[in-house]
């Protein structure tokens, strides 16, 4: 049971502040890191809607409610879960590249306490051999994939490597490429989408393209791999490779919706029924390729990952409707196992 309820109203001086910073600046609330943990456990609401990110911005007039729990002794070490098997594609003394399965949450959150990738990393590496810059509940995490997005991601075994890999992302020198199947016919063989992305004011579980000055820049390039003709219950499909230059929450999914080509199977940003989505119950989005210069050894690391069976099955069902592959598709599709 909560020990107390603290209600706050965002005034002009706090308009646009990060949520964790806003909370920590108020009397009666703990440190910024402790406030971040409150947010992640669902103990903070904004206008009666649960807050989902410590970095989201509060706006003038927002009503913030925080539930402070009774003090308790909590082990600082995340519980290892060896039952979650890691698909390791590269590993040395400093970092790992793994292929995350769809359905696996990256770190603890409401409803997921010991069944996450972080728990699996602790079991695999040990709690003393993972970077902790993201907090004790996110050991080793360098960047995240959505729960129902599959594919390659990085983890670091110490703070210095974790910081160096995050710097590569910020400098846009860590090459991350995804494959997605979208609704409709994408006419251009390649393109660039550059927008601001911010949390939706109407639905705080969603992100949206925004021109707000506080929105964060998001850049996605894409190239067409293969197109598929329209059928009786759909508008056709296009297989794309997307290259992330920034790493905003739900970036590819939001950008595909923005250009009116939603990811197939996307329950949050997509459209259509089971027939239009070919029965797929998660977004068709897979992190298939990463490349970077190792921050310690200097070696150039390249990892590629074939599509999982559920996504391969969708493409196989579309094979009779193929309009042919592009030059990029001729190179990349065989590497995906298609």
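The values are calculated or read from the model by the stated rules, or taken from the named source; none is laboratory data. Given the structure is predicted, the values throughout are model-derived calculations rather than measurements. We place every Cβ from the backbone using ideal geometry, glycine too, and count neighbours over all the protein chains shown.
Here residue 119 meets each of (1) over 30 Å from residue 236 (Cα atoms); (2) outside any helix (DSSP H, G or I) with one exception, condition (2).
The number of residues in region 65-110 that are within 17 Å of residue 146 (Cβ to Cβ), modelled with pLDDT of 85 or more and in a strand (DSSP E or B) comes to 3. When the residues of region 102-136 are filtered to those that are surrounded by fewer than 15 Cβ atoms within 10 Å (Cβ to Cβ) and touching a residue at least 60 places away in the same chain (Cβ under 8 Å), the one that is farthest from the chain's Cα centre (by Cα) is 110.
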